[in-house]
Structure formats: C-alpha cells, structure tokens
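So the structure is just underneath, and the comments pick up after that.
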Amino acid sequence: MEFCPECGRVLFPKDGEFFCDSCGYNQPVTEESKKQYQLKEKVDASKNVIVTDSNVKTLPTIKVICPKCGNKLAFWWLQQTRSADESETRFFRCTDCDYTWREYD
C-alpha cells in the first residue's frame, strides 16, 4: 500500500499514477511498485470492500445533545489541532443530522 507523503492517506491507482483523493497529490506508478503490489492470485471483486467515504459509521458514540437538531447521541473522536503540548480537540458528529462540532479543554 502506498501512502501520500503530503497528508498520510492511502494512495489509489488511477490512470497510471497513484492518486490521493484528499489533497490531490499524485506520483507515477513505477515498475518496482507494480511488482510490489502485484496480486499472487486472482481475488473475487465481490469479496473486496474498499471504503473511500468519510461518512463511515464506525466511530464510538456518546450521549450528548446536538446543538442543531437536539438528538442525544453523537459519534466522537480526538484530534491534535494545536501544538503538541496542548490537549487534543474533541469532535462530535450527530448520529441523526451529521452536524459536526468541537469541544476544547
């Protein structure tokens, strides 16, 4: 698997290049990368699942009131948005209306 050196997301092959759908970075597919990622046996496409949508509902949930719709359940995650010596920012996404908000310490 190739990763984007700009944003760290997975690069997908597209038109002879590895392409990042997040930041737009691309790099050519080389003979070495073709050998490295060549499948040893044919895989049935119906058994493969590649998730490229950012709206996957697998995050942990918490009871919190959505400021937009009043729903009482939201997904949550932590992300370092400030300098490393400061605490992470908590993000919430409503399970009903998908509204996203943040909370600081």
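The values are calculated or read from the model by the stated rules, or taken from the named source; none is laboratory data. In this text the structure is predicted, and so the values were computed from the model without any measurement. Because the Cβ atoms are built from the backbone with ideal geometry, glycine has one as well, and the counts that use them run over all protein chains shown. The area values use the complete protein model at the heavy-atom level, side chains included, leaving out ligands, DNA and RNA. Shrake-Rupley method; radii C 1.70, N 1.55, O 1.52, S 1.80 Å.
Just a few scattered comments:
- Boolean, Q38 is at pLDDT 65 or above and open to solvent by 60 Å² or more (accessible area, probe 1.4 Å): no
- Taking region 5-19 as the range and being surrounded by 13 or more Cβ atoms within 10 Å (Cβ to Cβ) and of a type outside the set (D, E, K, R) as the test, the residues that pass are V10, L11, F12, P13, F18, F19.
- Considered as a group, the residues in region 93-105 that are modelled with pLDDT of 90 or more and under 12 Å from N71 (Cα atoms) include one that is least open to solvent (accessible area, probe 1.4 Å), and that residue is C94.
- For region 81-92, a residue qualifies if it is at pLDDT below 85 and open to solvent by less than 50 Å² (accessible area, probe 1.4 Å), and exactly one does: S87.
- Condition check for L78: at pLDDT 80 or above, on the phi < 0 side of the Ramachandran plot and exposed (fewer than 14 other Cβ atoms within 10 Å of the Cβ): yes
- Condition met for S33 (modelled with pLDDT of 65 or more, within 24 Å of the chain's Cα centre (by Cα) and in a helix (DSSP H, G or I)): yes
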